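FYI, it's all coordinate maths here, none of it is from the lab. It should be emphasised that the depicted structure is a prediction, and the values quoted were computed from it without experimental measurement. Cβ placement follows ideal geometry from the backbone for every residue including glycine, while neighbour counts extend to all protein chains displayed.
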Amino acid sequence: PFFVGATAGTTVLGAFDPLPTLAEITRKYGLWLHVDAAWGGPVLFSEKYQHLLAGSELVDSFTWDAHKLMGVPLICSAILVKEKGLLSEACSGGGTDYLFHDDENDLYNLGTKSLQCSRRVDALKLWLCWKYYGKKGYEQLVNHLFDLANYATEYIRSCDNLELIAEPQFLNICFRYIPKDEPLDATGLDQLNLDIRNRLFHSGTAFVNYAHYQGLVMIRLILANPELQKADLEIFFHNLLDAGKLCEAVKG
């Protein structure tokens with residue numbers, strides 16, 4: 001082995017790997033430690049929640065998608081490497097003398113600094129958004145979304161017909177609808193939750209996804225839109241519970 005890939009904000013649960021522990025192991029055995037923070041990277045803006053990425057300064061490389069949580073139009077991804085010059089060397093290796101020449105001013109030749117060689121100026125989108133929001137603005141955005149996630153979590157806990165599947169660590173809220181009057185077996189419960197999700201989608205009421213976790217089908221609510229408010233979540237859950245009752249009636 002030569003490489004350890006950690007994740008900061010997994011796709012389904014939004015989980016964060018323990019970077020200090022992994023960094024200790026990779027240093028001991030001389031391994032490269034990479035962090036996929038495509039989804040969870042922006043927590044670094046928040047003083048309240050940046051502990052989720054504690055140890056990120058110890059890693060060798062770090063990827064981050066600004067088009068996910070930061071509101072930057074697709075596509076805007078970055079990879080950060082600790083060792084200066086390593087990425088440039090990897091992107092402009094030998095055998096490219098038919099494209100790049102030593103006697104030219106390398107300052108203007110951006111082809112040697114990217115995997116694609118020719119590409120759009122994706123960094124401009126990030127620069128403009130960062131200038132608009134600033135660090136403080138992005139901190140407020142991240143904190144607001146965490147507030148919504150906490151609100152949604154407590155709403156689920158307080159509702160007899162909803163069950164939290166995993167304790168949220170980030171902005172991924174994974175839960176399912178549970179009928180109380182006529183309990184269903186595992187297969188029936190999975191199908192009921194799929195039916196609820198599809199009813200919400202096809203009616204144009206809510207575009208929410210589902211996922212599989214430990215053999216269960218669950219509804220996967222992702223909170224990434226900073227324009228959302230608690231009132232919007234209340235409407236979402238109200239519509240979901242109504243859809244649940246309708247789907248129960250159809251099955252009955």
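The figures follow:
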quantity	calculated
Relative contact order (percent, whole number), region 140-251, Cα cutoff 8 Å, 6+ residue spacing	27 percent
Within the chain, percent of DSSP bridges classed antiparallel, to nearest 5	70 percent
Amide H partners (placed H, <5 Å) of residue 9, local residues excluded	15, 16, 17
Candidate aspartates and glutamates for bridging to residue 251, where Cα separation is under 14 Å - those fewer than 8 sequence places away on the same chain excluded	181, 182, 185, 190, 195
Candidate lysines for bridging to residue 28, where Cα separation is under 21 Å - those fewer than 8 sequence places away on the same chain excluded	82
Distance in nm between pseudo-label sites at residue 63 and residue 153 (7 Å out along the Cβ direction from Cα)	2.7 nm
Which listed pairs, of 48/135; 113/136; 68/125; 48/136; 48/230, have C-alpha distances above 24 Å, in listed order	113/136
Distance between modelled label sites at residue 11 and residue 121, nm, 7 Å Cα→Cβ extension	3.3 nm
